[in-house]
Amino acid sequence: MIYVAPDSLLEVVVSETLEMTNRQLMHVHGHTIMELELLLQDACDLFDEVVKLESNALGGWSNINIRGHSDEIDFVLKLPSTISSHSIQPYKKLYNICLFLNHHGIAPQPLSFGRLSDSAETPFIIFEYVRGHIHETLAEFSSNEIEALKECLQILAQQKPPGFKRYNSASDYLLTAHALVENHEGFHKSSQELHDLINSFVRLYPEVLSYTNSLDEWSQSLMHGDLWVPNIVLQSGKVILLDFENASYGCQQYDIAYLFEAPSNTPEEQPLGLLSPHEVDEVNSLRPLALAYIIEWSLERLLSVESKLIEPNLATRDSWLAVVGYTRSKISRLKSLLL
């Protein structure tokens, strides 16, 4: 298995776009791969030997993931997708949650985090390279793999680590996502194409908010927040989840709703055994919220690309167009659910 899972909430673009993110890296945050190797070796006490980084990104939209090797250490280097300044270390929370969950056997082991000694003090985090298998679709999961996924999610939902954002209701979760778009610095100066796309969702937003206000079920249990198939690594009899940047206290059933709605083509049938009969209605009721969050994240990312806040490796015209197409399809899907 190759650690190919794109990270963070809503990296849910068509397969062609995911292939684009697995491109050869010429420069990353202004550095060649060789320069990056030296900077990493200088910044991280983890390495006693020479660091070697592969020249292809592993995929991802919220971070740039690069596989690396040093002596007997097989690792993944994660760098931010944004080129804005990071006055606060963005990876401290991720390190802590993964360290906590790794003890429970459901997250990769974090090895180190810090900042490079470049002028931007670029933050980084390093994880162990996770070996296992990643399916392309949920339909490919066997019954044993479904059981392992259920057990993993149950372990996650039972944890109570301190210091995590708590969303008190479904509408609280939606409002937070919507604020990222409304308050974005590029909101009032977007291109006509993106402006039209935003307006198509804004017209739908009051109905979505009214719907989420009516939802009663919201367990305030720990949730992954970005649960889709590429973030699920299958090992012998167990599951490791990747990319916990969006972990928070919300609702464990939301993760399943997100898992169903994240693919470019939403499957009509749910895999047998994933949900008990009494869970089906709750998960289905959360699907519009999952779709709205996916749309909000995608719009925020598009605004950031147009505002030149995204690392050039993740801001090509082709990838921008693919995200536009994906977002448009999810808006149509949301309309159909709200009818």
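The values are calculated or read from the model by the stated rules, or taken from the named source; none is laboratory data. All values derive from a computational prediction rather than experimental measurement. Positions of Cβ are backbone-derived with ideal geometry, glycine not excepted, and every protein chain shown enters the neighbour counts.
Data table
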quantity	calculated
Residue within region 253-271 that is among the aliphatic types (A, V, I, L, M), assigned by TED's automatic domain parsing to the domain that holds P161, in contact (Cβ under 8 Å) with a residue 24 or more places away in the chain and over 21 Å from T176 (Cα atoms) present	no
Subset of region 72-95 [within 25 Å of D48 (Cβ to Cβ) and either surrounded by fewer than 17 Cβ atoms within 10 Å (Cβ to Cβ) or in contact with a helix residue (DSSP H, G or I) (Cβ under 6 Å, 6 or more places away or on another chain) (or both)]	E72, I73, D74, Q89, K92
Residue satisfying condition, being without any contact (Cβ under 8 Å) to a residue 60 or more places away in the chain and either more than 18 Å from L153 (Cβ to Cβ) or of a type outside the set (F, W, Y) (or both), within set V280, V324	V280
Residue within region 86-106 that is in contact with a Ser or Thr (Cβ under 6 Å, 6 or more places away or on another chain), in contact (Cβ under 8 Å) with a residue 24 or more places away in the chain and not assigned by TED's automatic domain parsing to the domain that holds L299 present	no
Residue, nearest to the chain's Cα centre (by Cα), within region 104-144, restricted to residues that are buried (at least 20 other Cβ atoms within 10 Å of the Cβ) and over 27 Å from Y91 (Cβ atoms)	L138
Filter pass, N144 being in the same structural domain as V305 (by TED's automatic domain parsing) and not β-branched (V, I, T)	yes
